[in-house]
Amino acid sequence: MTYQYWNQKMETLPRAELEAYQLDRLRAAVGWSLRTPFYQERLKQAGIRSEADIKTLADIRRIPFTTKHDLRNGFPYGFLSIPKEEVVRLHASSGTTGTPTTIYFSKDDISRWTSFVARSIYATGCAKTDVFQNMITYGLFTGGLGFHYGGEAVGMMVIPSGAGNTARQFKLMQDFGTTVVHATPSFLLHVEAKMREEGVSRGNLRLKRAFAGAEPYSEDTRKRIETLLAIDVYNSYGLSEMNGPGVAFECQCKNGLHLWEDGFIPEIVDPDTLEPLPDGETGELILTCLCREATPILRYRTRDLSGFYTEPCSCGRTHRRLRRITGRTDDMLIINGVNLFPSQIEEVIMSMKEVGNNYLIVVEKDGAMDRLTVKAEVNQSIFMDDTRPLNALKERIRKTLQGMITINPRVELHESGSLPVSEGKAKRVQDKRPKDV
Ligand code: ADP
Ligand code: ZN
């Protein structure tokens with residue numbers, strides 16, 4: 001296989017040179033951050049008064065962590081490092097876990113961000129001949145404009161279709177010969193179900209690949225989308241605190257996401273002790289942004305759980321690869337004392353071919369105990385007069401889940417298309433237990 005690089009020198013830079021570059025950028029980022037009210041205070045307490053206090057990359061550990069809570073407390077301008085008239089754009093996180101936080105960009109920030117997204121798109125084999133339909137929410141959410149600018153930089157024709165409205169999406173795909181799409185994995189599954197429902201023939205579409213991200217999904221879900229839609233699916237990871245998309249992306253090897261280490265310094269720590277973990281282990285991902293002057297963020301606790309592959313990638317890129325993000329530390333459910341991530345349930349049900357494209361996890365109180373219900377859609381054909389295959393499937397899902405998660409769930413099967421769909425990030429968990437106050 002031949003691989004194409006957007007910035008070959010930087011993407012294949014030997015590790016020693018990459019680290020020297022990072023040190024240089026880290027000093028610059030500390031310099032930027034010392035112009036914000038928040039870090040002036042925070043870094044002073046840690047004994048860092050100027051960028052010259054950062055002598056080696058290991059000195060990053062002298063910098064205190066920054067949390068989402070800090071960002072909210074700093075609202076609106078506590079993290080702004082440049083005069084307001086130099087700001088050209090504002091974005092906000094989607095607020096999955098609470099009030100949104102705002103990020104500001106200078107002109108140079110936008111162009112640096114764009115080049116990381118363009119590099120990511122290009123690494124999947126796209127070219128200027130591609131037609132790119134960006135089926136994700138535009139607006140404050142970074143996935144819309146982030147991919148839009150990146151796609152234009154690559155030279156593709158970008159269709160800013162936004163999320164939702166599958167009938168319109170199909171029309172655009174057919175009218176303009178869309179070859180590449182970007183969406184959440186849950187929306188891609190929904191699109192596929194709608195295609196069958198509305199009788200859209202795959203033969204009339206020119207789709208080749210999709211970028212799927214913004215929410216966790218399993219390898220089985222990727223395979224399902226790839227098989228059903230006959231396309232290649234590439235995992236895309238980003239978060240608004242680190243610009244948005246373009247932080248880590250899969251190359252054509254589709255085996256882990258290259259984290260662009262000239263733009264971000266990653267660390268993996270134990271989420272409880274916050275101590276660094278040995279290479280290859282799974283823990284909380286900490287990110288330092290090296291490429292944004294207007295809102296510098298250092299050692300950000302993403303709450304996302306992942307780890308690095310230790311062996312190099314065959315594409316020749318030297319930037320390390322993240323494993324698929326399995327969830328956030330704050331996604332974890334505790335059910336009758338057992339810790340459980342929604343991704344563990346997804347892995348089981350998406351591996352069963354009779355199960356349809358949507359599911360929902362409900363947790364309730366039943367007296368003193370917690371009760372877990374897994375609602376899954378099943379493919380239409382199984383809803384026939386005979387209930388035996390349905391009951392057998394239910395029992396098989398229940399048993400497999402129990403074996404995997406040690407909790408005995410209730411399983412409900414629903415007709416395809418009957419569970420709620422979301423156009424943006426899917427809401428897969430309904431925790432109806434009363435909250436402790
Ligand atoms: P919010 O934090 O409000 O959801 P963002 O839009 O910035 O706002 O979302 C970023 C988060 O989305 C990440 O921290 C991560 O939890 C999740 N995410 C993004 N891309 C992926 C991906 N490819 N796999 C798993 N999770 C992802
Ligand atoms: Zn690679």
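May I ask you to list the residues in segment 159-181 that are in contact (Cβ under 8 Å) with a residue 40 or more places away in the chain and of a type in the set (Ser, Thr, Tyr)? Hits for segment 159-181 are THR178, THR179.
Scanning segment 173-203 for residues that are touching a strand residue (DSSP E or B) at 6+ places or on another chain (Cβ under 8 Å), assigned to a helix (DSSP H, G or I) and buried (at least 18 other Cβ atoms within 10 Å of the Cβ) gives MET173, PRO185, SER186, LEU188, LEU189, HIS190, VAL191, GLU192, ALA193. In segment 360-370, the count of residues that are open to solvent by less than 10 Å² (accessible area, probe 1.4 Å), within 16 Å of ligand 1 (Cβ to nearest atom) and not basic (Lys, Arg) is zero. Only one of the listed residues (SER381, SER343) is within 16 Å of ligand 1 (Cβ to nearest atom), of a type in the set (Gly, Ala, Ser), open to solvent by 10 Å² or more (accessible area, probe 1.4 Å) and modelled with pLDDT under 95. That residue is SER343. If the condition is being in contact with a Ser or Thr (Cβ under 6 Å, 6 or more places away or on another chain) and assigned to a helix (DSSP H, G or I), then segment 363-415 contributes only GLN380.
The set of residues in segment 23-41 that are in a loop (DSSP other than H, G, I, E, B) and either surrounded by 16 or more Cβ atoms within 10 Å (Cβ to Cβ) or not assigned by TED's automatic domain parsing to the domain that holds LEU287 (or both) comprises LEU34, THR36.
Each row is one residue, and each column tells you yes or no for (1) within 16 Å of ligand 2 (Cβ to nearest atom); (2) over 19 Å from GLU219 (Cβ atoms).
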residue: GLU281; (1), (2): no, yes
residue: GLU284; (1), (2): no, yes
residue: LEU287; (1), (2): no, yes
residue: ASP304; (1), (2): no, no
residue: TYR309; (1), (2): yes, no
residue: PRO312; (1), (2): yes, yes
residue: GLY316; (1), (2): yes, yes
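Residues in segment 139-155 that are open to solvent by 10 Å² or more (accessible area, probe 1.4 Å) and out of contact with any helix residue (DSSP H, G or I) (no Cβ under 7 Å at 6 or more places or on another chain): GLY139, LEU140, PHE141, LEU145, HIS148, GLU152, GLY155.
Scanning segment 395-419 for residues that are open to solvent by 80 Å² or more (accessible area, probe 1.4 Å) and either under 23 Å from LYS365 (Cα atoms) or touching a residue at least 40 places away in the same chain (Cβ under 8 Å) (or both) yields ARG396, LYS399, MET404, THR406, ASN408, ARG410.
Before we move on, is TYR300 open to solvent by 10 Å² or more (accessible area, probe 1.4 Å), under 27 Å from LEU90 (Cα atoms) and of a type outside the set (S, T, N, Q)? Considered against the rule, which asks whether it is open to solvent by 10 Å² or more (accessible area, probe 1.4 Å), under 27 Å from LEU90 (Cα atoms) and of a type outside the set (S, T, N, Q), TYR300 comes out as no. Criterion first (more than 23 Å from GLU11 (Cβ to Cβ), under 20 Å from the mean Cα position of the chain (by Cα), open to solvent by less than 10 Å² (accessible area, probe 1.4 Å) and not hydrophobic (A, V, I, L, M, F, W, C)) does THR102 satisfy it? Criteria not met by THR102. Mind telling me which of the residues LYS68, LYS9, LYS55 ends up being open to solvent by 20 Å² or more (accessible area, probe 1.4 Å), at pLDDT below 95 and assigned by TED's automatic domain parsing to the domain that holds GLU261? The match here is LYS68.
Scanning segment 318-332 for residues being more than 14 Å from GLN8 (Cα to Cα), within 14 Å of ligand 2 (Cβ to nearest atom) and in a loop (DSSP other than H, G, I, E, B) gives a total of 2.
Only one residue in TYR3, TYR104, TYR21 is aromatic (Phe, Trp, Tyr), touching a strand residue (DSSP E or B) at 6+ places or on another chain (Cβ under 9 Å) and modelled with pLDDT of 95 or more. Which one? After ruling out the rest, the residue left standing is TYR104. Within segment 140-158, residues that are at positive phi have Cβ atoms under 9 Å from residues that are not in a helix (DSSP H, G or I) in these pairs: GLY155/ALA127; GLY155/LYS128; GLY155/THR129; GLY155/ASP130, counting only partners at least 6 apart in sequence or on another chain. For segment 209-244, the candidate set comprises residues that are without any contact (Cβ under 8 Å) to a residue 40 or more places away in the chain and not aliphatic (A, V, I, L, M); within that set, the residue that is farthest from ligand 1 (Cβ to nearest atom) is THR227. State whether the residues of segment 260-276 include one that is farther than 13 Å from ARG323 by Cα, touching a residue at least 60 places away in the same chain (Cβ under 8 Å) and in contact with a Pro (Cβ under 9 Å, 6 or more places away or on another chain). Yes - at least one qualifying residue is present in segment 260-276. When LYS44 is tested against (1) surrounded by fewer than 19 Cβ atoms within 10 Å (Cβ to Cβ); (2) farther than 23 Å from PRO312 by Cβ; (3) touching a residue at least 24 places away in the same chain (Cβ under 8 Å), exactly one condition is not met: (3).
The values are calculated or read from the model by the stated rules, or taken from the named source; none is laboratory data. In this text, all values refer to a predicted model and were calculated from it rather than measured experimentally. Note that each Cβ is placed from the backbone with ideal geometry, even for glycine, and that neighbours are counted across all protein chains shown. The protein model used for the area step is the full one, side chains on, heavy atoms only, and it has no ligands, DNA or RNA in it. Shrake-Rupley method; radii C 1.70, N 1.55, O 1.52, S 1.80 Å.
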